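The values are calculated or read from the model by the stated rules, or taken from the named source; none is laboratory data. Given the structure is predicted, the values throughout are model-derived calculations rather than measurements. Note: ideal-geometry Cβ built from the backbone for every residue, glycine included; neighbour counts use all protein chains shown.
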């Protein structure tokens, strides 16, 4: 008996200069949670956009419940019972939680929206999953990014989906919100909903999924049951080689103090924080969501104005009142919000790298376009950025390659101090490894690096020292010999 709710056969899709999918095949069983994994640029997102009707394939077959479909738009895919929640949110911030969830199908009475029924239904839905603290009438824009993601998932579920696609759903969630999501997934599975789960967090796949399909270079590699498969098996299939989880901690020569932060305060979010950073050192900052770690970096870089405290660079007190000032002092900051704050998505790879370095490529007021182009070509080669030309718009690149473009923008400046917030969020293991190699090369050349990350193995593998934060304060300072998961978790949880 055929228990497949979805069958994809020999799907092909090409874009100018790139073959995104090459005879890709995939099968999904009813009531199954099936992981789809691969490096950034492997073709996962393209395949899911085709399945959800956002793109049309060049050739191939899609069957839902043994019936062939040619989805010309997302509405046709939704009618077939397919819903997708993208990593990049598509909710409407100025309207309420309830209106977002019922945006496509609001309850009506006498031809008008019945807000009382809408609010009651949403209250029951949120209460069922432990989210009764959310005001159903509040604007979605007032919620955390993680809560916004959950609202978008509820909106898709309102469409009575048979197949739910989740693309990196936990990348912006707190631990509590992640557990709520997993509870929702378990309940949907019991109800017979099939889930395609895209994530670079392999631990989640082993905890949540029944099966896993690996893609590489737009091709189908293998489908495996999760039970009996190892992390190393999946990583090797994704990248086509063995990957060592060693990001270089302890391998650079640590020199004199570059940066000192003394008694820094910001809006009761950052509270009396003091620490130092030395040349050649990679310092990790660990803390739960809301601990003040991102705001700390933003204060140091001048994106937020500190209320009090001192910042010293190479022993001299400095006043950093803007990012431009920080750049002039030899700092660079890679924000975790690369798409909204870090990159110009509609500009090309070359224009993005050039944009952050106009002063560097100017001589007597004349822009040096050839030097800028040569610089971009050198970073494409050095960072192995997958793009057919330097004129490709950044929005057309995979998340991992966008991150490499962002790093190229800042490394072109040859900074003395590099601040990085979530350097590899939503990025595959192969790209993660290459980015950390680049970070460590900078440290070996004498750069000081501060990394904020929610990825525990990343922090442990990359950091020469780890500063822990709890409720805005420094709760610990771990030397390389003291760094382990138990110590970090204890200090970031405020356990005395």
- Item | Options 136, 161, 156: the member that is touching a residue at least 12 places away in the same chain (Cβ under 8 Å), assigned to a loop (DSSP other than H, G, I, E, B) and within 21 Å of residue 192 (Cβ to Cβ) | 161
- Reported set for segment 112-133 where residues are in contact (Cβ under 8 Å) with a residue 24 or more places away in the chain and in a loop (DSSP other than H, G, I, E, B) is 129, 130, 131
- Counting only residues that are within 16 Å of residue 282 (Cβ to Cβ) and either surrounded by 21 or more Cβ atoms within 10 Å (Cβ to Cβ) or outside the structural domain of residue 281 (by TED's automatic domain parsing) (or both), segment 466-496 contains a total of 4
- Item | Which numbered condition residue 247 misses (of (1) buried (at least 20 other Cβ atoms within 10 Å of the Cβ); (2) in the same structural domain as residue 461 (by TED's automatic domain parsing); (3) assigned to a loop (DSSP other than H, G, I, E, B); (4) within 21 Å of the chain's Cα centre (by Cα)) | (2)
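Can you tell me which residues in segment 379-402 are in a helix (DSSP H, G or I), farther than 13 Å from residue 439 by Cα and either touching a helix residue (DSSP H, G or I) at 6+ places or on another chain (Cβ under 9 Å) or not assigned by TED's automatic domain parsing to the domain that holds residue 303 (or both)?
379, 380, 394, 395, 399, 400, 401, 402, listed by residue number.
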- Query: Within segment 231-243, can one find any residue that is in a strand (DSSP E or B) and either farther than 22 Å from residue 441 by Cβ or without any contact (Cβ under 8 Å) to a residue 60 or more places away in the chain (or both)?
  - Reply: no
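Results for (1) touching a helix residue (DSSP H, G or I) at 6+ places or on another chain (Cβ under 9 Å); (2) within 26 Å of residue 339 (Cβ to Cβ); (3) modelled with pLDDT of 95 or more, shown as yes or no for each residue.
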site: 438; (1), (2), (3): yes, yes, no
site: 449; (1), (2), (3): yes, yes, yes
site: 455; (1), (2), (3): yes, yes, no
site: 459; (1), (2), (3): yes, yes, no
site: 470; (1), (2), (3): yes, no, no
- Note on the structure: For segment 185-204, the count of residues that are over 16 Å from the mean Cα position of the chain (by Cα) and either assigned to a strand (DSSP E or B) or buried (at least 21 other Cβ atoms within 10 Å of the Cβ) (or both) equals 4
- If you scan segment 297-321, which residues turn out to be surrounded by 14 or more Cβ atoms within 10 Å (Cβ to Cβ), at negative phi and part of a loop (DSSP other than H, G, I, E, B)? 303, 304, 306, 320
- Do we find a residue being in a helix (DSSP H, G or I), in contact with a strand residue (DSSP E or B) (Cβ under 9 Å, 6 or more places away or on another chain) and over 25 Å from residue 44 (Cβ atoms) anywhere in segment 92-100? yes
- Message: Looking only at segment 1-47, count every residue that is at pLDDT below 95, outside any loop (DSSP other than H, G, I, E, B) and under 22 Å from the mean Cα position of the chain (by Cα) and tell me the total.
- Response: 5
- Name the residue, out of 332, 324, that is part of a helix (DSSP H, G or I) and either assigned by TED's automatic domain parsing to the domain that holds residue 443 or more than 21 Å from the chain's Cα centre (by Cα) (or both). 324
